[in-house]
Amino acid sequence: YPEDTPREAILRMRKKLGPESFLREGLGIWDEDTRQGVLPGWSACAVDEDPPPVSAIGLAVSLDLEWGSIGAAGLWPDGRVNLGAVERRRGTTWLVGEAKRIQDVHGCVVVMDGKCPDASLQQALRDAGVRVIVAKLEDYIEACSGLVNAVKDNLVTHQRTTELDDAIDDAAWRTVLDRKVWGRKQSTGDISMLEAVTLARAKVDVVYDPMKSFW
């Protein structure tokens, strides 16, 4: 319909697609129920303010070791926790140097999963002088359920970082000891950024002490 004005073309598209499809295909607005299924309410937690200072970072690695992610958590004055993606990059060796740099600059704790797919990462962090908290299975289970509850209770904020939103969209659950955790194999894509912020949120209120050993 070359004679259509832009307004007429948009109206024609809306009529053809219907309200829900038009929002998704025409405007890029996704229904909250069809996205971020493992974290209902995540979209509503977005804020426009600059994030608070970093209190904790989490490190995570994809199942195939192709990707490494660093996610951050910071505390607002009212006690809410802000979560965000710091960096997602190919490979895993870069995580050590970047974790050391961030910890030195911000004086924050560094957290990783004891069952990280990269078995060498924990020792590499220690060798580099990174003070790291290693989450055990029960810690990780609690961290996953804690994030879900925090989102439901509007105790979490974020700045709509693409790497984190994509990881949440791709994530699926798996069951461990009758509890749910993020499932690397069950998910449709790399969820390392979601794992990273999950770990960071769980230790956001730990006070960093450079003289204390966390392992």
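Assorted remarks:
- Of the trypsin sites (Lys or Arg not before Pro) found in segment 136-193, those that fall in a DSSP loop while having at most 11 other beta-carbon atoms within 10 Å are Lys136, Lys185.
- Cα shape, segment 58-215, gyration tensor, a/c 1.5 rule: rounded
- Given their separation in residues at 0.36 nm each and the Cα-Cα distance between them, Tyr208 and Leu75 gain 46.5 nm when the chain is fully extended.
- Extension gain, Asp127 to Arg179, is 15.3 nm, computed as 0.36 nm per intervening residue step minus the present C-alpha separation.
- Segment 80-215, accessible surface, carbon-and-sulfur percent (1.4 angstrom probe): 47 percent
- Averaged over its residues, segment 67-215 has an accessible area of 47 Å² per residue, based on protein heavy atoms and a 1.4 Å probe.
- The length gained on full extension between Lys136 and Ser120, counted as 0.36 nm times the residue separation minus their Cα-Cα distance, comes to 4.1 nm.
- Distance between modelled label sites at Gln159 and Ala172, nm, 7 Å Cα→Cβ extension: 3.3 nm
The values are calculated or read from the model by the stated rules, or taken from the named source; none is laboratory data. The structure presented is a predicted model; accordingly, all values stated were derived computationally and were not measured. Cβ coordinates were reconstructed from backbone atoms using ideal geometry, including for glycine residues, and neighbour counts include every protein chain displayed. Only protein heavy atoms, including side chains, enter the accessible area calculation; ligands, DNA and RNA are left aside. Shrake-Rupley method; radii C 1.70, N 1.55, O 1.52, S 1.80 Å.
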